[in-house]
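Undergrad: Mind looking over this structure? Questions follow.
The values are calculated or read from the model by the stated rules, or taken from the named source; none is laboratory data. As the structure is a prediction and not an experimental result, all values here were calculated from the model. Positions of Cβ are generated from backbone atoms using ideal geometry, with glycine treated the same way; all protein chains shown enter the neighbour counts.
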Amino acid sequence: MSEWLVLSIAMAAACAVVLSIAFFNHRRIGDNDDPNETPDVIEYMTMMIGVIYAIVLGLAIAGVWEGRGAAQEYVRQEAQALHEVSVRSEVYPVEVRKKIRADVDAYVTYVVRTEWAEMAESGTLTDHGGELLERIRRDVTDYDPQTDHEGQAYQPLVDQVAAVDDARSSRGAGAGATMPGVVWFGLIAGALVTVGLIFTLQIRRSFREMLLAGLFSALIAFLLFLIWDFDAPFGRGFSATAEPFLSQFPHLGLGD
C-alpha cells in the first residue's frame, strides 16, 4: 500500500469521524437552543490551524537548513582530508610524492570544475570522480614503506584516504532533494488552508486589512520558497559551496 493511499484514507477517516460527531450532536440539540450563547469556534480554529502550520513550517526550515549545513561540512571534511594526504606524503620519495600530489590535484580540479555542476544538476556523483579517487588510494596503498619514518606515515595516509571516500559518499548522498513529496503536499495544502481561512473572518476591503492579508500570503510564499531553495544543498541559490577546496588548494587557481 502506497504512502499516498494511506494518507488519503487517514485524512478521509478523520474528516468522517469529525463530521459524524458534529451531525449526531446537532440532531441531539433541541429546538430551543440559542447558538448565540455558545462561543464562536471559527476564530479559535483559525488561530490553532495557524499555530500548527507555523510549527510545521519551522520544522521544515530547520530540517533543510540542517541538511545544507551537513552538506557543507562533508565538503570541508573531504577537502581537509585531501590536504592531509598531500601534506603527509612529504615523507615519501620524490617520485611517489609527486604522483600522489598530482592525482590529488587532478581529483580536486575535476570535482570543482566538472563534478560540482553535474552534482548540482542531477543530484549524483560521477563515475570519473570515483576513478580519480581510486587512483589516489592506489598511490597510497600500493607503496611499500622503506624506512621506519615512512612506515609510521603509511597508516595515517590510508586513514585520510578513507576519510576522503567517506566524505565523498556523504556528499553524494546529500546532493539530492531531502524533502519527501508527501511533506511538500502537506506544506502546500496547509498554506492554502491557512490563507483560505482569512476569508472566514469576514475580511473587508479596507486598505489595512487587504494589506495585512497580502503580506501574510507573501510571507508564507517566501517561507515555502526558502524551504524549496534549501532542499537541494548543492543545486540552488543558497547552496553549499566549493570554498573548502579553493582554500585548501589555492595553487590550483580554481577560483579564478
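Undergrad: Which one of these does A10 not meet: (1) at pLDDT below 65; (2) within 30 Å of F230 (Cα to Cα)?
TA: Among (1) at pLDDT below 65; (2) within 30 Å of F230 (Cα to Cα), the lone unmet condition for A10 is (1).
Undergrad: Quick one: D229 ticks every box in (1) surrounded by 12 or more Cβ atoms within 10 Å (Cβ to Cβ); (2) under 18 Å from A54 (Cα atoms) bar one, so which box is it?
TA: Single failed check for D229: (2).
Undergrad: Counting only residues that are surrounded by fewer than 21 Cβ atoms within 10 Å (Cβ to Cβ) and more than 23 Å from T124 (Cα to Cα), how many does segment 62-85 have?
TA: Summing the residues that are surrounded by fewer than 21 Cβ atoms within 10 Å (Cβ to Cβ) and more than 23 Å from T124 (Cα to Cα) in segment 62-85 gives 3.
Undergrad: So for segment 192-211 (the condition being surrounded by fewer than 13 Cβ atoms within 10 Å (Cβ to Cβ) and under 25 Å from the mean Cα position of the chain (by Cα)), does at least one residue qualify?
TA: yes
Undergrad: Go over the candidates R138, R171 one by one and state the one that is touching an Asp or Glu at 6+ places or on another chain (Cβ under 8 Å) and of a type in the set (K, R).
TA: Numbers: R138 fails: touching an Asp or Glu at 6+ places or on another chain (Cβ under 8 Å).
Criteria check complete, one pass: R171.
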